[in-house]
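Down below is the structure, laid out as structure tokens.
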Amino acid sequence: MPTRPYIQNSENTLTKRRDPLKMLLFLAMAGSTLLFVFLFVLFYARRPASQWYNPALPFTFWISSVVLMVSSITLHEAGIAFRNERFRAFRIGLGLTFAQGLAFLCLQAAGWLKLHSYGILPSESHALRIIYISTGLHALHVLGALFFIGRHFFRAVINYNYIDAFVYSINPPNRYKLHLTSLYWHFLDVLWLCIFLFLVYQQPV
């Protein structure tokens, strides 16, 4: 009895169709990474030893780093609660993440004001420029991510009723948007950790 021959469908990983939104997100993250790498390489290459003044970072930068790392945990737990229909925990996790993001920005601003009060200005040396520019650019990224987290939190609040929250949670686009927002937030956390460690351990030649 003749049988239909089995044809293996080998999909090329380079040509297969990818999700456009996730692809744009990955391109944005790659672009942000290259931007900071370029800044660090540029400042490192151009730093004159005679003008290299590397002050100790304000303690608020250390606190803000802890706050941002914890925010990744609360957002991760919020995503788990969302998928498991624990909507109260989801709202709490999102609210905590949004509040921690705002706290991070406030602590960064306090660090800049502390440097300024000590007379440590970006015009004094290349090391000070990299502190202000890198932390400022990252703060802008966090501000943009907070906009999307705030939207998710607003939706979670207005869908307070369990039925409304359930209908909202089983909508695939809503789950997908939360997934993309979480990816970007975790990326910003890792990016800040790299920036912070670079600023802490950079030393003049």
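FYI, it's all coordinate maths here, none of it is from the lab. Note that the structure is predicted; figures quoted are calculated from it, not measured. Cβ sites come from the backbone with ideal geometry, for glycine too, and all protein chains shown count toward neighbours.
Cβ under 14 Å from Arg155's Cβ, Arg155 left aside: what net charge do those residues give with Lys, Arg +1 and Asp, Glu -1?
Values: positive: Arg91, Arg151, Arg175, Lys177; negative: Asp164.
Every neighbour counted, the sum reads +3.
Using a simple spin-label model with points 7 Å from Cα along the Cα→Cβ vector, what separation in nm is obtained for Asn174 and Leu21?
So the two model labels end up 1.3 nm from each other.
So if I take the centroid of the Cα atoms in region 56-101 and the same for region 147-176, what is the distance between those two points in Å?
Taking the Cα centre of region 147-176 as reference, the centre of region 56-101 is 17 Å away.
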